[in-house]
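These notes concern the structure reproduced below.
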Amino acid sequence: MNKVLILLSLLLLSLSLTAQELSVDSGRFQKGDDTSWSAFDYDDNTWQVVSFDKAWEDMGLDRVNGIGWYRLHVTIPSSLRKGTVAAIMLDMGAIDDSDQTWINGHLAGQTGTFPEDPGGYSSEWGKRRYYIVDPRWVHWDRENVIAVRVYNYGDPGGFYRGTVKIVKPSLKYFADLSLVAETGGYKAVLATSEQTSGTLNMTVTDILTGTLETFKTQKVNLAAWKDKQISYSLPPQKRLKVTYSDPRFEEVLEAEVCAPYILTPPAPATPRYNGPLVFGVRPGSPIVFRLAFSGDKPMKYNVEGLPEGVVLDSKKGVLSGSCAEAGDFPLVFTATNDKGSAKTSFTLKVGPLIGLTPPMGWNSWNCWGLSVSQEKVMASAMALINRGLADYGYSYMNIDDAWEADERDADGRIEANEKFPDMKALGDWLHSNGLKFGIYSSPGDHTCGGYLGSLGHEQQDAEVWNSWGVDYLKYDWCGYSKVFDASPDKSEAALIRPYLYMQQYLREQPRDIFYSLCQYGRGKVWEWGAFIDANSWRTSNDINDTWESLYTTGFERQVGLQPYAGPGHWNDPDMLIVGKVGWSSSLRDSRLTPDEQYTHISLWSLLAVNMLIGCDLSQVDDFTFNLLCNNEVNAVNQDILGHQAHQDVVEDGMQIWSRDLYDGSYAVGIFNLNEESVPVLLDGVLDKIGLKAGTVRDLWRQKDIATDAEYVIPPHGVLYVKVLSSSPSRL
Ligand code: GAL
């Protein structure tokens with residue numbers, strides 16, 4: 001076959017037409033930049049034919065760091081035309097990093113920004129592109145050219161997720177239906193950029209019984225750029241669903257919400273200790289520890305038994321200083337306010353091991369993504385204290401990616417960018433309040449977000465972090481792929497090497513730095529993490545706020561990992577996805593239902609894993625506070641035995657996970673992964689896992705419950721109990 005024929009058959013193969021959409025999975029590519037390349041009649045014959053399932057680097061092209069163009073030639077059938085609202089839509093998938101897209105010389109849209117744009121370059125590599133195209137720009141039943149200008153920074157570059165789709169327009173491209181929380185219920189908001197007439201339906205269903213309780217229907221007639229708002233009241237544990245249909249379109253818009261319900265009883269006004277019962281510090285390392293007492297403030301604190309060198313700020317309840325001598329120091333904490341006082345026994349363990357209980361705190365990624373700044377970190381830190389989350393043991397304030405400057409200084413030292421004017425001052429402020437300071441980097445030369453990594457500067461970086469007072473390092477594989485992929489050595493040792501390398505410099509620092517590996521579970525990291533003195537390791541890819549992600553990350557990926565967890569080293573299924581999250585400067589409420597959120601926190605409590613809150617703490621609502629600040633639920637997570645729960649039963653969409661606790665009791669989670677609620681007989685369930693129940697306590701409601709009773713577990717919900725068993729030899 002000659003070249004032209006090969007090319008023709010490639011182009012034909014790349015088009016597959018269905019009634020509703022057309023897919024294109026290859027086109028032509030050229031490095032460089034020229035605005036005339038957007039024109040329909042530009043001659044691109046000499047450009048390379050490329051497929052869209054591979055990034056630039058993987059197609060034998062030179063590494064492209066900069067601008068490249070794609071041109072797609074495609075015949076668009078008039079069967080894809082629909083009304084005058086919008087002719088077609090380009091579904092471009094994800095593009096690494098930013099793009100501008102033209103059709104027949106008309107700009108259809110832009111996602112992300114280019115270096116020459118005001119404000120400079122910003123990546124939107126993970127975002128799906130939908131561009132609505134004016135019908136007048138399309139050459140119906142004839143050839144069209146879609147030209148895509150792409151800016152790439154770091155690898156991979158360009159299209160790499162398969163196909164570009166050309167689809168019929170549908171309602172969702174110009175109308176949006178959402179439910180917004182308001183006092184006592186929710187407001188349905190239908191907003192549109194085009195005229196629409198249709199029907200809005202609303203139903204309320206009981207979550208436990210599945211009974212339909214209310215149905216309302218309403219005709220809507222809206223002009224372009226108008227919206228319709230209707231308020232509904234919604235009692236707890238009811239599901240509200242609204243739908244909107246316009247007869248011109250097949251598709252129906254839907255929005256659904258379940259009213260949150262609070263189970264955690266409010267804390268008493270008198271002092272109550274809610275923190276861990278041990279804290280590990282190496283001899284001579286600075287101690288940063290905040291006594292976690294809830295109750296009315298102001299409070300006065302006292303600590304008995306402090307070893308020499310350790311001091312208490314009796315107003316803030318903050319321990320600092322250091323202890324040169326190794327050993328276990330039994331302490332007694334007392335807190336007093338004008339309502340009363342409380343005491344608790346505690347052990348300060350001065351020795352080689354840190355991270356004796358899973359770290360509790362906050363990380364910026366799930367809320368702010370790359371838009372994190374010192375101001376936002378401070379706002380969350382203040383809220384941690386003022387909203388009272390610090391009274392429950394949350395103490396790490398961890399900055400994720402995007403704090404790094406573009407370049408190192410003349411001596412190769414890493415610096416923070418302009419969003420973080422003073423890292424040392426931030427660290428000092430956190431420490432003065434008993435909070436710990438966390439940072440992020442990569443063993444590669446750049447991070448996932450395209451910022452500077454530590455490759456070749458490991459020792460210097462560890463020293464800089466020490467000078468800022470860093471207490472936690474999340475070390476993210478990401479940019480290291482380049483080094484790993486280029487080497488023939490794919491052994492376990494090659495996976496371990498970059499982490500072991502940083503470990504030696506971290507441990508040389510005169511302060512304790514919790515070492516958190518983030519390489520998504522490669523090479524069964526849990527089998528070797530503890531041997532390289534890591535304190536935790538991510539067991540999976542990134543979590544997000546959907547049930548599917550929670551299920552895979554929390555349930556599937558944790559099965560069988562319990563032998564690897566224990567004081568000083570923990571499995572890490574990623575950060576929490578409750579509250580206001582968004583991975584960007586715009587935040588939304590977690591998309592998990594209230595029951596899914598109870599499941600999430602119960603499971604993380606059972607699994608003895610890192611409890612790093614991922615939301616904006618300055619916007620923690622009462623429901624989220626109830627999830628994060630249940631002292632009995634958190635006490636299981638922080639239990640000093642550090643035994644991670646194991647999966648005992650998987651049956652009919654139900655799962656039972658349990659763990660033993662240092663006081664001889666068991667924590668048991670009975671999870672309903674079904675779409676409907678399921679009644680369970682508690683003693684029958686406990687019997688299945690070999691527990692003869694004595695007292696059973698519902699940990700969310702914080703009250704003892706009968707064992708010979710039936711409990712209805714909501715869809716994707718949980719019954720989380722603590723059991724004093726009369727047959728304790730079970731495990
Ligand atoms: C990912 C990591 C995320 C976040 C992100 C930052 O690799 O898993 O948790 O740290 O990088 O770019």
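The values are calculated or read from the model by the stated rules, or taken from the named source; none is laboratory data. Note that the coordinates shown come from a computational prediction; the quantities given were computed from them, not determined experimentally. Here the Cβ is made from the backbone with ideal geometry for all residues, glycine too, and neighbour counts use every protein chain on show. Just so you know, the surface numbers come from the protein's heavy atoms only, side chains and all, with ligands and any DNA or RNA stripped out. Shrake-Rupley method; radii C 1.70, N 1.55, O 1.52, S 1.80 Å.
Annotations
- Condition met for Tyr505 (among the aromatic types (Phe, Trp, Tyr), surrounded by fewer than 21 Cβ atoms within 10 Å (Cβ to Cβ) and over 24 Å from Trp468 (Cβ atoms)): no
- Scanning region 361-407 for residues that are of a type in the set (A, V, I, L, M), within 15 Å of the ligand (Cβ to nearest atom) and open to solvent by 10 Å² or more (accessible area, probe 1.4 Å) yields a single hit, Leu370.
- Of residues in region 508-522 being surrounded by 15 or more Cβ atoms within 10 Å (Cβ to Cβ) and away from the ligand (no atom under 16 Å from the Cβ), the one farthest from Val470 (Cα to Cα): Gln509
- Residue within region 174-186 that is farther than 30 Å from Tyr232 by Cβ and of a type in the set (Val, Ile, Thr) present: no
- Taking the criterion of being part of a strand (DSSP E or B) and over 21 Å from Asn45 (Cα atoms), the only residue of region 55-75 that qualifies is Gly66.
- Within region 157-190, tally of residues that are surrounded by 17 or more Cβ atoms within 10 Å (Cβ to Cβ) and within 25 Å of Asp97 (Cα to Cα): 10
- Restricting region 416-443 to residues that are without any contact (Cβ under 8 Å) to a residue 40 or more places away in the chain and either farther than 20 Å from Asn363 by Cβ or surrounded by fewer than 19 Cβ atoms within 10 Å (Cβ to Cβ) (or both) leaves a set whose member that is farthest from the ligand (Cβ to nearest atom) is Ala425.
- Asp616 satisfies every condition listed in (1) more than 22 Å from Val678 (Cβ to Cβ); (2) open to solvent by 20 Å² or more (accessible area, probe 1.4 Å); (3) of a type in the set (Asp, Glu) except (2).
- Among residues of region 523-553, those that are touching a residue at least 60 places away in the same chain (Cβ under 8 Å) and away from the ligand (no atom under 16 Å from the Cβ), counted: 3
- Every test in (1) within 16 Å of the ligand (Cβ to nearest atom); (2) open to solvent by 50 Å² or more (accessible area, probe 1.4 Å) is passed by Lys343 save one, and that test is (1).
- Failed item, numbered, when Thr447 is tested on (1) over 27 Å from Leu319 (Cβ atoms); (2) more than 24 Å from the chain's Cα centre (by Cα): (2)
- Extreme residue, farthest from His646 (Cα to Cα), among residues of region 566-622 that are free of Cβ contacts under 8 Å to residues at least 60 places away in the same chain and among the hydroxyl-bearing types (Ser, Thr, Tyr): Ser586
- Search result, residues across region 554-571 that are open to solvent by 10 Å² or more (accessible area, probe 1.4 Å) and either within 16 Å of the ligand (Cβ to nearest atom) or outside the structural domain of Trp583 (by TED's automatic domain parsing) (or both): Arg557
- Qualifying positions in region 117-156 - among the charged types (D, E, K, R), buried (at least 16 other Cβ atoms within 10 Å of the Cβ) and in contact with a helix residue (DSSP H, G or I) (Cβ under 6 Å, 6 or more places away or on another chain): Asp155
- Residue within region 262-283 that is open to solvent by less than 20 Å² (accessible area, probe 1.4 Å), farther than 30 Å from Val310 by Cα and out of contact with any Lys or Arg (no Cβ under 9 Å at 6 or more places or on another chain) present: no
- Residue ID - nearest to Leu430 (Cα to Cα), chosen from residues in region 306-320 that are of a type outside the set (A, V, I, L, M, F, W, C) and open to solvent by less than 30 Å² (accessible area, probe 1.4 Å): Gly317
- Residues of region 458-502 satisfying the condition of being out of contact with any Lys or Arg (no Cβ under 9 Å at 6 or more places or on another chain), away from the ligand (no atom under 16 Å from the Cβ), of a type in the set (Gly, Ala, Ser) and open to solvent by 20 Å² or more (accessible area, probe 1.4 Å): Ala486, Ser487, Ser491, Ala493
- Conditions (1) open to solvent by less than 70 Å² (accessible area, probe 1.4 Å); (2) assigned to a loop (DSSP other than H, G, I, E, B); (3) at pLDDT below 90: number failed by Asp91: (2)
- Out of Val49, Val64, Val85, one residue alone is modelled with pLDDT of 90 or more, among the hydrophobic types (A, V, I, L, M, F, W, C) and either open to solvent by less than 50 Å² (accessible area, probe 1.4 Å) or out of contact with any strand residue (DSSP E or B) (no Cβ under 9 Å at 6 or more places or on another chain) (or both). It is Val49.
- Criterion: farther than 30 Å from Lys580 by Cα, more than 16 Å from the ligand (Cβ to nearest atom) and in contact with a Leu (Cβ under 6 Å, 6 or more places away or on another chain) - qualifying residue of Leu353, Leu312: Leu312
- Test result for Gly717, within 31 Å of the chain's Cα centre (by Cα) and either more than 20 Å from Tyr598 (Cβ to Cβ) or surrounded by 14 or more Cβ atoms within 10 Å (Cβ to Cβ) (or both): yes
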